[in-house]
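Every number here is computed from the coordinates shown, using simple stated rules; none is lab data. This is a predicted model, so every value here is computed, not measured. Cβ coordinates were reconstructed from backbone atoms using ideal geometry, including for glycine residues, and neighbour counts include every protein chain displayed.
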Amino acid sequence: MTAIAKKAKSKGYISESKFEGVFQFILKLIFVIMSITFIYPYLHVLVQSFENPNFVNAAGLKLWPRQFTTDAYIQMFNADYLWSGYANTLKVCFMGWALSISAVVLCAYPLSKKDLPFRGIFTTIVIVTMFVSGGLIPTYLLVTNTLGMKNTYWAILLPHIVSVSHIVIARNFFMGLPAGLEEAATIDGANSWQILFKVMLPLSTPVLATISLWVVVSNWNAYFNCLLYITDSSKYVLQVVLRRIILTDSAALTQVDSELSNTLDTSTETLRAASIMLATIPIICVYPFVQKYFAKGMLMGSLKG
Amino acid sequence: MSVKAPAIKTSQSLGYRIKKHKLHLMMIIPVMIWYIIFKYLPIYGVTLAWKEFYILKGITGSPWVGWVNFDRLLNSYDFKNVFTNTLILGFWNFVIGFPAPIILALALNELRGNAFKRVTQTISYLPHFVSWVILTGIFMEVLSPSRGPIAAIFRAVGADPIYFLGDPKWFRFTMVATGVWKGLGWGSIVYLSALSSVNEELYDAARVDGCGRWKRIWHVTIPGITPTITIMFIMAIGSLVDDNFDQIFNMLTPATYGVGDVLGTYIYRQGVTYMDYSYSTATELFRNVISLVLVVFTNEVAKRVNEYALW
Amino acid sequence: MKKLVSLLLALAMVLSCTAAMAAIDPAKVVKSDEKFTIAWLGGHDTTPMEEDSLVIAWLEEKFNVELDCWFVDRSSYDELLTTRIIGGDVPDIFLMENNQQFSKFVKQGVCMELPIEVIKEHMPNSYAWLIEYDPSCFDNVSYAGKNYGLPRVNGDGQYNYAPMWRADWLDKFGYVDTVPMTLAEAEEVFYKMANEDPDGNGVKDTYALSNTGMLPIYGAFGALPDRWVDDGEGNLVYGAVHSGMKDALTLLAKWYKDGLIDPEFVTGENAGGHWSLSIPFENGVVGFSSPGAFYQATPDFDGPTNEETGEGSNFNFGKTVRTLANNPEFGYEKVRIGYNPVGENGYHGGDSWGFTTSEALVFSYKLEEQPEKLARILEIVEAIGSDYDTWWKIFKWDLEPENYNYDELLGYVPVDPAYDRAAKYGENHGNLFNSLQNPNFRKVYDPAQYNWADSMPMYKTGGYSRVKLPVTTESQPKYWTAMETLRETTFMQIITGEQPIEAYDAFVQQWYSMGGEQITKEANEWYHSL
């Protein structure tokens, strides 16, 4: 700790502490109230998933199941492909994460160099895709007919590796790092790769963690491309497997196809709730791990080293 | 290379710069190739906006029809109303929805108590994982003027319950409030991550200078996350015309068409029944052009303010 | 084998259409011995067929084909299917979910012409029962005078919607075991429901009806706002501009002002739940509602049920009624199913799907060159669509009929009560091959539900069909959304009093001028061409 910090500790906090307690109390109160509103919908779904199917349609707030049952989960766990769905989703998430993070770093780091040749052209190439896109059909034709990737995870992942905002956020982060770091490393004889891996990346964990979270969550939740490109049931990702189990609810939308809607019954609602739980709990558990990288003062330590 | 060149960088020759940045170029080229293959090869698909799409003829073989699809969008009976609604909702979503996650992040930053902070933070992003279909059902119960808990509170204080989802006067408010609420925690993550790299010493220095909480936030915290705010700001401006389709689609009723029908829902009602690739490409393009204008303008402004603009 | 025979005997008793029972003679229709590979999407499936499924193996062997079973998720059916077709894959037989897509595919030559003669030749039995149920069912798969596929029918669509009344409220108002039959009688009761505190809690917190309850009211004036109806002179007219609509709106606006209509009708009755639910009816807020079809109002039959969950393993009980039956404050005895009230001019009726749906079965343009392959596909459709034994094996996914006993009241009952076909094979497995959905078969399989419906005359009074105009006219894509938006907004505002009833005249004028005239003209051109 620097001298300044010590001085601040001994002086600053004392003058503030009178109000600090009140301030913290009010702040916490607000957060508790907000948290209740954030939790309720999730609780609602959780309660529905443990509810006897006969009661799922009953009106009113759901705070506790009227008749507790784990049938929905038992049915879920007994379904074919559930575990392979988890495995496939993990695989897709990991592959997608590795691809996206590499691409973001490899693109954003050079772009953070102001005198990079062709920087304007590269930036334009990236930015233009925000406003012009060929749409689903040409991409589908490219992936299936030209590249022959149908029924592989490449088809799901490759068209969506990076997005503009990820690159720009990472680039700005790199730009914001003190220039002295790189200069020092260069003097020590490190080349660009070494600087990137040894100096820049360790300092960038907060921003990389954020982008990782975005990428992983979006891959975790994605299902449309799996429906479009994957025809082999054993390759289905979790979201698609869960949809299979609960039966798609579209019959309820069209109403016309009563042969189907006729057989849809209330147990579907509990299954759907259970499937939401099975799909979201693992991904929500990721956050606390990401959070760890948001801890303060990491940059400071490295700067001194 | 280790010699610091005092000369102005831009005066360096291209050849010298290529040599200097050889490794950097090697890094970026694969990504550019990816862009060319997956984003630029399929770009011919935008021509659909001026074509009538024939499934068996493909995109290139389909006949040109001129501006028919744009005409259909811009001259359709409801377009003016729908476009106005989109802009108004977009505006409020921006005005409320853009600062809200920043404020949440700043508030979390001021919180003492690590465990409490972590738990609240995790909870705040739960709504992101519940879809609008489910949330709509829940809001219908919670906001119901006859059965909902909100209405009960109104009655308890002697006020008339408000029909949040059915009353056109309140519909936009409800959309903005619920939309911001859902995205609050998720949106704050990027700022939290940015906050973690603000130099602690600056805070200490500020304290020594006798800065109070608000001054510290204003002079240390916010400048520290300015690069992130700038980018998120430009992105948010660019999505002013991207209505929150899933939300509005699920919550919209005929009673609120007048104030709540937006481009997305309107096009959906046209498109789903008459699935029309050309038309949807044209409407997409229309939106993107507006977005482009907004982003270019904002970016120019941002460039004058700081160096963290998009380009 | 004995079981099979008794099965068939039982069938013979129930089926009126004996033609449907005729056995298939493959030798008669199949002209080629070639083993075809068929890309099959001839039905809706909620989950993909397993590659090693017994049903597929059985079908492949029986019809000497190789089946390439498609699976297209229903939530984005049109988009996924069209994208794959654009990519060059066209299923040999596939289902079109809506007629707008149908006319586009026909126009663009994606699906082949299928002359009626070909259908008659290759699938005589199916053709016979289709025509017997609805002589006009092929209208919806014809385009410019030619036939392009097979209609998809919905046996449940023969039964119109009928409203539900709160039985205990009716009792209080003097309708013991009866229901109001005319609109005037209904109105009288409606006023009492709103004003005379039927729930006896001393607070004026009840209404007569909400959203779905309005449909039978419109129906009493000759049309539903969103249906095409015949104006009595052989011309189609859109319900929203039908001559009776102004009177209907006048009445509804008056009711709203007088507090008969639940102000929350605006957000609908199901509060985001299943479409056939009525939360206000369930909660005793309204006493009249018409939220769902007959099978959503069936009583709980004493079918074989799973003790633990209360699930019917063989029967499908309505969601609405199940919710009601399990609501401690409710119970099925509080539901009285009534008739759609008759208006002054004798009009009556509620929602009705109609027998023929807006879906169509069509065939790839590539089959034009392969008549033998087409014949083989039609043979499969014919067998599953008109031969109960084949249908049973496919749709009920059960190749072991010995697992069931036939009961006249309950249909097929598992010999072993613990035998759970659904758990073994999935509830809707086999739907992919249930292309024609022969309604006779369901009645055999699930008689209790249909016997009940047949015993309730209110389900047979007729309603306003959703498929009166099954085609999309030339101008519809251009104008329709704006017209519908205007209609929904105007009607809502007139009912809630935001606009005076005079606004209706302006609406009609506006409606016709913004495209209604042209679309009505096109609709009638089609209607008269039949």
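Side notes on the structure shown:
- Rounded to the nearest 20 debye, dipole of the range A:80-304 from Cβ charges on Lys, Arg, Asp, Glu: 700
- Under 5 Å between amide hydrogens, built in the peptide plane, is the criterion, and for residue C:147 it picks out C:114, C:116 among residues at least 5 positions away or on other chains.
- Legend: ranking of residues C:363, A:68 from fewest to most surrounding C-beta atoms inside 10 Å; resulting order A:68, C:363.
- With 18 Å as the limit on Cα-Cα distance, the pairs of C:35/C:62; C:192/C:246; C:120/C:146; B:182/B:215 that go past it are C:192/C:246; B:182/B:215.
- Cβ-Cβ distance of residue C:54 and residue C:389, R₀ of 22 Å, FRET efficiency by 1/(1 + (r/R0)^6): the value works out to about 0.90.
- Other-chain or far-sequence residues with amide H under 5 Å of residue C:342's (modelled H): C:182, C:183
- Förster-model FRET efficiency, 45 Å R0, residue A:194 and residue B:177, C-beta, rounded to 0.05: 0.35
- Karplus-derived HN-Hα couplings along the range B:163-168 (A = 6.51, B = -1.76, C = 1.60, θ = phi - 60°), whole Hz, x at Gly and Pro: 8, 4, 8, x, 8, x
- With the convex hull drawn around the C-alpha atoms of chain B, the volume per residue stands at 228 Å³.
- Karplus-derived 3J(HN,Hα), 6.51/-1.76/1.60, for each residue of the range C:199-214, Hz, glycine and proline x: 8, x, 9, x, 10, 7, 10, 10, 10, 8, 8, 10, 5, 6, x, 6
- In order along the range C:137-153, the phi-based Karplus estimate (6.51 cos²θ - 1.76 cosθ + 1.60, θ = phi - 60°) of 3J(HN,Hα) comes to 5, 7, 4, 7, 10, 9, 9, 6, x, 10, 9, 10, x, 10, x, 10, 10 Hz; Gly and Pro are listed as x.
- Remark on residue C:207: its backbone amide H falls under 5 Å from those of C:286, C:287, a criterion applied only to residues 5 or more positions apart or on other chains, H modelled at 1.01 Å from N.
- Counting other Cβ atoms within 10 Å as a rough exposure proxy, the listed residues B:304, C:487, B:155, B:172 run B:304, B:155, B:172, C:487 from fewest neighbours to most.
- A Förster radius of 41 Å, combined with the Cβ-Cβ distance separating residue B:84 from residue C:243, puts the computed FRET efficiency at roughly 0.70.
- The residues B:281, A:280, when put in order of fewest to most other Cβ atoms within 10 Å, stand as A:280, B:281.
- Under the simplified labelling scheme, the residue A:184-residue C:529 pair shows an inter-label distance of 8.1 nm, with each label point 7 Å from Cα along Cα→Cβ.
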